[in-house]
1. Determine which member of the set ILE265, ILE247 is over 23 Å from ILE41 (Cα atoms) and not aromatic (Phe, Trp, Tyr).
2. Is it true that GLY238 is at positive phi, touching a strand residue (DSSP E or B) at 6+ places or on another chain (Cβ under 7 Å), buried (at least 16 other Cβ atoms within 10 Å of the Cβ) and small (Gly, Ala, Ser)?
3. Restricting attention to segment 268-277, does a residue exist that is open to solvent by 50 Å² or more (accessible area, probe 1.4 Å), more than 21 Å from GLY35 (Cβ to Cβ) and touching a residue at least 12 places away in the same chain (Cβ under 8 Å)?
4. For segment 297-335, what are the residues that are farther than 14 Å from HIS94 by Cα and open to solvent by less than 10 Å² (accessible area, probe 1.4 Å)?
5. If we scan segment 71-82, do we find a residue that is surrounded by 24 or more Cβ atoms within 10 Å (Cβ to Cβ) and part of a strand (DSSP E or B)?
6. The conditions are (1) assigned to a loop (DSSP other than H, G, I, E, B); (2) at pLDDT 95 or above; (3) of a type outside the set (S, T, N, Q), and LEU134 fails exactly one of them. Which is it?
7. Modelled with pLDDT of 95 or more and over 23 Å from SER293 (Cβ atoms): is that true of ASP46 in this structure?
8. Just checking, does segment 342-349 include any residue being small (Gly, Ala, Ser), in contact with a helix residue (DSSP H, G or I) (Cβ under 6 Å, 6 or more places away or on another chain) and surrounded by 15 or more Cβ atoms within 10 Å (Cβ to Cβ)?
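The values are calculated or read from the model by the stated rules, or taken from the named source; none is laboratory data. Every value quoted in this text rests on a predicted model; they were computed, and no experiment measured them. When we count neighbours, we look across all protein chains shown, and the Cβ atoms used for this are built from the backbone with ideal geometry, even at glycine. Keep in mind that these areas ignore ligands, DNA and RNA; they rest on the heavy atoms of the full protein, side chains included. Shrake-Rupley method; radii C 1.70, N 1.55, O 1.52, S 1.80 Å.
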Amino acid sequence: MLHSLTLQAGKSAFARIKEEGLRPEMVKVVAGAAGGPKWLILYHLDRLLFGKWFADRTEPLFLFGASSGAWRFSSLAQNKPEDAIDRFRHSYIHQHFSQKPTAAEITNKSIAVVDYVLGSSGVKEVLNHPFLRLSMMTVRSRSLVKYDAKPLLGAGLAGSFTVNVISRSSLKYFYHRAMFYDNRDKPPFFSMNDFPISRIELTVENFKKALLASGSIPYVMQGVKNIPGAPPGIYRDGGIIDYHPDIPFVNDDSIVLYPHYTDFIKPGWFDKKLSWRKPNPKNMENVLLVSPSKEFLAKLPYQKIPDRNDFYTFTNRGKERIDYWNKCVDASKQMAEEFLEAVESGKIRELVRVMD
């Protein structure tokens, strides 16, 4: 019986796991959602997967991440993934901001986190990793959202929200996808085309700017301008379109491992309040969604995982926020232990459930 995890699988993944269990070589793609501090609840699971479970792999493993998903993967694809994700955890948790931070302040502190996590060799390590192939998502801004001036940007965001309520595909009038990818092996999702997309090879020259852009929340942070190798423009948070990635991940019967901080998928950032907006069932067929259980969440401080609002909730109480976040990180070890036991014992075949 699982206490801290829920394991949900699409139809194809469910049938295969029921028959074979789950082994590292069955996984072709690992997906990472946006969501700011919510990623902290996956900390120990990330350490387990990339520090141990995938360690003996030889075939390419494709990573698809937006915002904090891309930041996690840029840590985990370094030569010492456990050390790198530790740096990310520490620097992320210990961020401090003024009472009313400007977009410039938050951007500059995010740049400092990127520099600290990647260090002097991290970019080259990711781009030369023996088997990990990183793809990070951003959006190229159009219309009014290409401006950082708050009146124009605010109007553009309001327009984005309005058209998205009617049709998610209408976001194309405000944003185009921009995927920065490791060109050593073409990812299985390379040809996705439900939104206009630019596909840009990751290089030493553009890596940090692309990573910063992938988490540059509009209005909160400054857009990133003119990334080397990419079409001219202002690049922002990839979570705008790919908040909880909902794409055609694979074209075979391989597994898409989706460590997630919640047990449902909301495809885009503007979908968070839309109860009817669901992922494409076809895209989910090969997905194994691994997320914290309601029982686990009920035992956390404040009965929830960290989120970006905590920076405001704990204004002038930074030590309390840090303590709370660290307790959540510590608790996440139980999730990792349960996952490992489920796959090593084969019990995952009985524990997995069909995705709703």
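1. Only one candidate qualifies: ILE247.
2. Taking the combined requirement at face value, the residue does not satisfy it.
3. For segment 268-277, residues open to solvent by 50 Å² or more (accessible area, probe 1.4 Å), more than 21 Å from GLY35 (Cβ to Cβ) and touching a residue at least 12 places away in the same chain (Cβ under 8 Å): absent.
4. LEU300, CYS328, SER332, MET335
5. Within segment 71-82 (the criterion being surrounded by 24 or more Cβ atoms within 10 Å (Cβ to Cβ) and part of a strand (DSSP E or B)), the answer is no, since none of the residues qualifies.
6. (1)
7. no
8. Looking through segment 342-349, at least one residue is small (Gly, Ala, Ser), in contact with a helix residue (DSSP H, G or I) (Cβ under 6 Å, 6 or more places away or on another chain) and surrounded by 15 or more Cβ atoms within 10 Å (Cβ to Cβ).
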